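Data first, discussion second: the structure below is written as structure tokens.
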Amino acid sequence: MSSFERLGRLVHRRRRWVIAGWAVVLLVALPLAPRAASALRAGGFTLDRLESAQARSLLERELGLPSSALVLVYTSATESAGSPTFEATTRAAAAAIARAPHVTGLLSHSLAPDQVSADRTTAYDIVLLDLAPDDSPDALPGVRAQLASLPTGPVQVSLAGGPAFYGDIQSVSEADLRRSEVISLPLAALALLLVFGSVVAAGLPLAVGGGAVVVSLAVIWVVANVTQMSIFVLNLATLLGLGLGVDYALLMTSRFREELRRRPANGPSSSGGEASAGRVAVAVEVTVATAGRAVFFSGLTVLLGLTGLILFEFPILRSVGIAGAIVVGLTVSAALTLLPALLSVIGDRLDALRVRPIGTSDDGDGPWSRLARRVMERPVAVFIPTLAILVILGLPFLHVRFNAPDASILPVAVPSRAAFDVLDREFGAGRFAPLYLAIRTSGAATDPANVAALYDYSRRLADDPRITRVDSYVDIDPRLKRTQYQLMYAAPGGPPDRFVATSLAATTKGDLTLFTLTTPYGPNADPARALVAALRASAGPLARPTGTSVLVGGGAADVVDVVDGMTAEFPRTALFIFVSTYLVLFVLLRSVVLPLKALVMNTLSIVAAFGALVWIFQDGNLSALLGFQPLGYVETTQPVILFCILFGLSMDYEVFLLSRMKEVWDRTGDNTEAVARGLERSGRIVTSAALIVVVVAGSFAFADIVLIKAIGLGVAISVALDATVVRALLVPATMRLLGDRNWWMPARLERWMTGRLPTSEAETEASVR
């Protein structure tokens, strides 16, 4: 007796205890699940080991560079900066902000004329905070409360900058999730009614998927109080929980219905003392032993894909992987325990409250079988054009541009995005994304030799057309020459001028010097990234002075390091997923060839989804229809997250399909028959499961955050292609072309596996029967 058979028997015997146990877990989870969003954080896009992070940490620690900052934006259609009304409003705002928690200082536009726009209708102050960037949204409630106390007038006050951006991401993500649930749940319920044909049967997948999501969110809340978890896991947890819960419930409920039909209550199979309860018991055991086994291995492949994200050091990816593992683990557990227990209680009432006629044919020669046979009659004629279509869909990915997210991922109506657009229009994108150079010299920075070297370095930087301004202790007054700076800093007691002394203290300490470079470019612009490469090069006009070390941080340097870091870590993750998934499928299918073919099939649908991602969100096609502004790039984490999620979901369907094919192959030894009958018995389930996932994922197309919209559409496109073009056409064609070689297994490995590993699905089913 296999372990899955024993599990099915145990769950059936203890069905009421199992249901009661899950009910208790749900009651505990219900008050915790809604709190998950409050424990999640935006950010998580950087690492301490990156050069840009090291530069910032060094400057914060030794020179007091603020950890994070808000931008207080003042705009008016009737008043201009400097007018009594305008300045009265800004002074009142500054005074109010100073009373808010976590505010440590304010850099006022009244002391910096460059913080006033050319037409004087816009000005800004910089509010310094004592919080790390990922924690900076915690300052927003206090700041907003202070601003709310100000009287309204002709000058509008708004917030921009990283903390406001992260805070709005959090609130908009929660709104996106609520919207997607309102859209997807009714559509999923309708689709399940059409698939199952009865209210009772359709309710089971929603119960399993919904229960798994609730418990998962509660567990995520617990984990998020221990380690940093990204706000984006909120949407992905719902997508995975509902999608996988419905997938697994569909597979097992369909198998249970199939097993009940094989044992009609008044038929020959019920003779010999097999009463109705006995029929249900055997049906549950067979369902868990066969479909449950497929669910376990399917969940394992999905889990492996998401575990690949945990291998990344970046908190955002690692947290998505942790949350995904939690969701998959709980969903599989619910499918293998709660669902069989519910089926045991419902029994013959599974098809109660029918909404359409429910077919009873199980001859294996239905529409899916006929499609498979037609494809296998002309495998080459189907294989070549189908493959060409998938490759063509993936071609746009060849010109992908990776970048980090900025305020442009938010809708234009969101306050921080609107303020960002005002600042971008009036002051240019580069003003708020400067580059920082943390320069170490041999000896004190004020030594004459170091002053001369850094003076020359500053002038070389200023001569570069990509740099509009250099701020440092050798750029205080453009009228001063090299020797004058040397004499001034060598004077006993330091510079006599108070302003110079203050600037020196803010930009140097011992052998550390800060250079701030302003460029015309935003952090995602290609010229800015090229400038970072030139600054880090060991040779060239921007190479660091001899005897110094330079760390480049801020602006485009953050983007370059994040993109390069994730790109460098991805091959390791992909290799882990490929190898581990191959081994799991090898154990499940007892074949050397089929797991490899499955990996290739999955990769094709994922590549097609990546191409669509570039074509839509980078190139801007369909942007008007989908309601977003083209980004001009693909956010770096999207392909990584999509790859890990889609690889698992696609393998999910592959396991459903190939496990049914293997059942027939083990009985008949006929490859053509195995493909036709396997597709017939799994095609409807796979297509139905994919339809639900497409509905749930597609609902995120209505999200306001472009990243969530892109991931939802990417999942929907890939799953739709995978369940139709790949499974219905490409798989039968390749199975026919490979013939019996699909099932090849070295005899020595076969003998070893037979003695050491769990029995195959067909052997398990036979033992139960």
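The values are calculated or read from the model by the stated rules, or taken from the named source; none is laboratory data. It should be emphasised that the depicted structure is a prediction, and the values quoted were computed from it without experimental measurement. Don't worry about glycine lacking a Cβ; one is built from the backbone with ideal geometry, like all the others, and counts go over all protein chains shown. Just so you know, the surface numbers come from the protein's heavy atoms only, side chains and all, with ligands and any DNA or RNA stripped out. Shrake-Rupley method; radii C 1.70, N 1.55, O 1.52, S 1.80 Å.
Things worth noting here:
- Computed with a 1.4 Å probe over protein heavy atoms only, the accessible area of residue 740 comes to about 90 Å².
- Under a model in which nothing but the beta-carbon of Lys, Arg (+1) and Asp, Glu (-1) is charged, segment 474-560 shows a dipole of about 180 debye around its Cα centre.
- Computed from the Cα positions only, the extents of segment 83-203 along the three principal axes stand at 72, 31, 26 Å, in decreasing order.
- Cα-based helix-to-principal-axis angle, 51-63 vs the chain, degrees rounded to 10: 40
- Dipole in debye (nearest 20) - segment 69-157, about Cα centre, beta carbon charges: Lys, Arg +1; Asp, Glu -1: 280
- Compared with the dominant Cα axis of the chain, that is its longest principal axis, helix 415-427 is turned about 40°.
- Dividing the C-alpha radius of gyration of segment 583-702 by 2.2 N^0.38 Å, with N its residue count, gives 1.31.
- Unit charges on C-beta of K, R, D, E only; dipole of segment 80-224, Debye: 340
- Segment 532-633 shape via C-alpha gyration tensor axes, a/c threshold 1.5: oblate
- To put it simply, the accessible area of segment 139-199 at a 1.4 Å probe is 67 percent carbon and sulfur.
- Taking packing as the residue-averaged number of other Cβ atoms within 10 angstrom, the listed peptides 630-638, 180-188 run from highest to lowest as 630-638, 180-188.
- For the peptides 243-249, 382-388, the ranking by mean Cβ contacts within 10 Å, running from highest to lowest, is 243-249, 382-388.
- Taking the accessible area of segment 415-533, probe 1.4 Å, and keeping the other protein chains in place, the carbon and sulfur fraction comes to 57%.
- Relative contact order of segment 18-147, defined on C-alpha pairs under 8 angstrom at six or more residues apart (%): 29
- Taking all protein chains as they are arranged and a probe of 1.4 Å, the heavy atoms of residue 330 leave approximately 40 Å² accessible to solvent.
- Relative packing of peptides 445-452, 311-318, 679-686 - highest average C-beta neighbours within 10 Å first: 679-686, 311-318, 445-452
- Nearest-ten-degree value, helix 276-287 long axis tilted from longest Cα axis of the chain: 50
- Residues of the chain: accessible area per residue with a 1.4 Å probe, Å²: 39
- Accessible surface of segment 16-122, 1.4 Å probe, proportion on carbon and sulfur as whole %: 62
- For segment 1-102, fraction of C-alpha pairs farther apart than 20 Å, in %: 74
- Cα lying deepest toward the dipole's positive end in the chain, options 136, 335, 531, charges on Cβ: 335
- Given the choices (1) 0.99; (2) 1.07; (3) 1.01, Rg/Rh (Cα atoms, Kirkwood Rh) derived from the coordinates of this structure is entry (2).
- Amide hydrogen neighbours beyond the local backbone of residue 41, cut-off 5 Å, H modeled: 229, 230, 231
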